[in-house]
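To start, I am sharing the structure in question, which I have written as structure tokens.
The values are calculated or read from the model by the stated rules, or taken from the named source; none is laboratory data. The structure displayed is predicted, hence computed values, not measured ones. Please note: Cβ atoms are built from the backbone with ideal geometry, for glycine as well, and neighbour counts cover all protein chains shown. Ligands, DNA and RNA are stripped out before the accessible areas are found, and what is left, the full protein with its side chains, is counted by its heavy atoms. Shrake-Rupley method; radii C 1.70, N 1.55, O 1.52, S 1.80 Å.
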2 protein chains.
Amino acid sequence: MDRFVSTFINKIDAKGRVSVPASFRAILERDGYAGGAVYCYPSLDAPALDAGGQTLAGNIDRLLDGLPDYSDERDELSVALYGDVHTLAIDQDGRIVLPEALRAHAGLSTHVAFVGLGQKFQMWEPARFEARRAAAREKVRQHRNLFGAGRRQLAPVVGPQRGPGSGHESSHESSHELGPGGEGGARE
Amino acid sequence: MDRFVSTFINKIDAKGRVSVPASFRAILERDGYAGGAVYCYPSLDAPALDAGGQTLAGNIDRLLDGLPDYSDERDELSVALYGDVHTLAIDQDGRIVLPEALRAHAGLSTHVAFVGLGQKFQMWEPARFEARRAAAREKVRQHRNLFGAGRRQLAPVVGPQRGPGSGHESSHESSHELGPGGEGGARE
DNA sequence: TGGGTCTCGATGGGATCGCATGGGTCTGTA
DNA sequence: TACAGACCCATGCGATCCCATCGAGACCCA
């Protein structure tokens, strides 16, 4: 199946619009809902936004299905799970507009880093993401030492993406080291 | 499959009218009753109002169906669930008028926060809602750990240590709060 | 294999449309 | 007659749509 992979950095224009990477768009289109929208909500434990298509939305439903109707607990969880979700429409040029609430949570201002995470993707403030990624790599390195697991040197570098036209942030490519160790098949 | 999602804050005008968010209206319209009305009643365990369309009303019926006829329990529940239900008409401009009784229960004065909860939505006094939302997020975090615990116990890349700079926000790998089963299905 | 050309994705901006609001008016009811 | 509610109209701002431009990578040809 299609997964969101690689990292792209796009600009937020004066009207607050951002182009969703073409490759991500293609995946969303195949994921239903006329491919015209993205489900997006503030990530619970990171200054970032989580986003995805129908599949992602379905996960929310499944999560709540286990709870009894009309229970206070269900209502409470719903507030966080549905209340924070925004359905962002993708316009004809493949752009979305990020609501103020979401931009605030992720600290977004001029640029957005779209990070593919397989079934979903995240949107980060470029600088923060870079820092976090560095930390993640370090972490992986440590673990590798612990396990002495020499297997699988990460050799990603899968990132095709616009050039440094916009400059600086030359940092991107795959983002895999971030994924949970499991899922080794990230690459084909 | 339409669900009420996201949160909107609208104003109550001098005549006591409030605009129902356009996206919520669209869902109500598809939910029957000529799309011209909203079922609304004071939430049982929160200073808020619960609202929805035909589907919601149907759920209440189903809930009562499960109880034996003429039982005290059923009577009590019926009163609780139906006794305070109001059918609010949506005018041509997409607005409703909240009866005094309902406004009092939720402590509404000048603004109303419409919160999507999937099958239904709630109306809150904005300030109070913020508090509730914070609590809800915390709760989800806990829950996530519960079912997330199952798979992927190796919490790699999840350093108790934060990365440089932006560090704070525990550098959780955040991925699937929502996807209990997630990740694995990356392929397909 | 080097260079020129073409196609597509990312941006900017102007022009519109829809939605949230504020108010005036008409009508049925105390 | 006084009022509350329903209906309509007017407005302002933000969300969308559409069109033009730029640059990069893909493609084609000599």
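So is B:Ile12 open to solvent by 20 Å² or more (accessible area, probe 1.4 Å) and of a type in the set (Val, Ile, Thr) or not? Don't jump to the end; show me each part of the working.
Numbers: open to solvent by 20 Å² or more (accessible area, probe 1.4 Å): no; of a type in the set (Val, Ile, Thr): yes.
Answer is no for this residue.
Another question, if that's okay. Only residues that are within 9 Å of DNA strand D (Cβ to nearest atom) and buried (at least 16 other Cβ atoms within 10 Å of the Cβ): list them for the stretch B:80-91, please. So that I can check it myself, show each step before the final result.
Within the stretch B:80-91, the first condition is being within 9 Å of DNA strand D (Cβ to nearest atom), and the residues that meet it are B:88-91.
Within the stretch B:80-91, B:Leu88, B:Ile90 qualify.
So B:Leu63 ticks every box in (1) away from DNA strand C (no atom under 16 Å from the Cβ); (2) buried (at least 19 other Cβ atoms within 10 Å of the Cβ); (3) of a type outside the set (Ser, Thr, Tyr) but one. Which box is left unticked?
B:Leu63 satisfies all of (1) away from DNA strand C (no atom under 16 Å from the Cβ); (2) buried (at least 19 other Cβ atoms within 10 Å of the Cβ); (3) of a type outside the set (Ser, Thr, Tyr) except (2).
Under 6 Å between Cβ atoms, at least 6 apart or on separate chains: pull out the pairs that start in the stretch B:133-145 with a residue that is open to solvent by less than 40 Å² (accessible area, probe 1.4 Å) and end on any residue that is not in a helix (DSSP H, G or I).
Correct list of pairs: B:Arg144/B:Glu177.
Okay, next question. Going by the conditions given, is B:Gly52 more than 10 Å from chain A (Cβ to nearest Cβ), crowded, with 16+ Cβ neighbours inside 10 Å and either within 16 Å of DNA strand D (Cβ to nearest atom) or small (Gly, Ala, Ser) (or both)? Steps first, please.
Details: more than 10 Å from chain A (Cβ to nearest Cβ): yes; crowded, with 16+ Cβ neighbours inside 10 Å: yes; either within 16 Å of DNA strand D (Cβ to nearest atom) or small (Gly, Ala, Ser) (or both): yes.
It is true that B:Gly52 is more than 10 Å from chain A (Cβ to nearest Cβ), crowded, with 16+ Cβ neighbours inside 10 Å and either within 16 Å of DNA strand D (Cβ to nearest atom) or small (Gly, Ala, Ser) (or both).
Another question, if that's okay. Whether any residue in the stretch A:156-163 is at pLDDT below 50, assigned to a loop (DSSP other than H, G, I, E, B), away from DNA strand C (no atom under 16 Å from the Cβ) and open to solvent by less than 70 Å² (accessible area, probe 1.4 Å) is what I want to check. Quick ask: steps written out before the conclusion?
Let us first name the residues in the stretch A:156-163 that are at pLDDT below 50, namely A:156-163.
Now drop any that are not assigned to a loop (DSSP other than H, G, I, E, B), which leaves A:156-163.
Subsequent filtering for residues that are away from DNA strand C (no atom under 16 Å from the Cβ) retains A:156-157.
Going one step further and asking which of them are open to solvent by less than 70 Å² (accessible area, probe 1.4 Å), we end up with A:156.
Checked the stretch A:156-163: at least one residue is at pLDDT below 50, assigned to a loop (DSSP other than H, G, I, E, B), away from DNA strand C (no atom under 16 Å from the Cβ) and open to solvent by less than 70 Å² (accessible area, probe 1.4 Å).
Six or more apart or on different chains, Cβ under 8 Å: which pairs go from a residue in the stretch A:72-98 that's part of a loop (DSSP other than H, G, I, E, B) to one that's open to solvent by 20 Å² or more (accessible area, probe 1.4 Å) and polar (S, T, N, Q)? Could you list them?
Pairs found: A:Gly83/B:Thr7; A:Asp84/B:Thr7; A:Asp93/A:Ser19; A:Gly94/A:Ser19.
Here's a follow-up. Taking interchain pairs and intrachain pairs at least six residues apart, which have beta carbon atoms under 6 angstrom, with the first residue in the stretch B:6-31 and over 16 Å from B:Leu117 (Cβ atoms) and the second of a type in the set (Ser, Thr, Tyr)?
Every condition considered, the pairs that remain are B:Asn10/B:Ser19; B:Ile12/B:Thr110.
Filtering the stretch A:15-42 down to residues that are away from DNA strand D (no atom under 12 Å from the Cβ) and open to solvent by 40 Å² or more (accessible area, probe 1.4 Å), which residue is nearest to B:Thr7 (Cα to Cα)?
A:Tyr33
Out of everything in the stretch B:101-135 that is within 11 Å of chain A (Cβ to nearest Cβ) and within 11 Å of B:Cys40 (Cβ to Cβ), what residue ends up being nearest to DNA strand C (Cβ to nearest atom)?
Step by step, filter the stretch B:101-135, then rank; the result is B:Phe121.
Then there is this: Being open to solvent by less than 60 Å² (accessible area, probe 1.4 Å) and within 16 Å of DNA strand D (Cβ to nearest atom) is the filter here; which residues of the stretch B:92-115 pass it? Steps first, answer last, please.
Narrowing the stretch B:92-115 to residues open to solvent by less than 60 Å² (accessible area, probe 1.4 Å): B:94-96, B:98-99, B:102, B:106-108, B:112-115.
Of everything in the stretch B:92-115, those that are open to solvent by less than 60 Å² (accessible area, probe 1.4 Å) and within 16 Å of DNA strand D (Cβ to nearest atom) turn out to be B:Gly94, B:Arg95, B:Ile96, B:Leu98, B:Pro99, B:Leu102, B:Leu108, B:Phe114.
Same structure again: Quick test for you: out of A:Leu98, A:Leu63, A:Leu67, pick the one residue that is at pLDDT below 75, under 26 Å from B:Phe4 (Cα atoms) and within 14 Å of chain B (Cβ to nearest Cβ).
Values: A:Leu98 fails: at pLDDT below 75; A:Leu63 fails: at pLDDT below 75.
It is A:Leu67.
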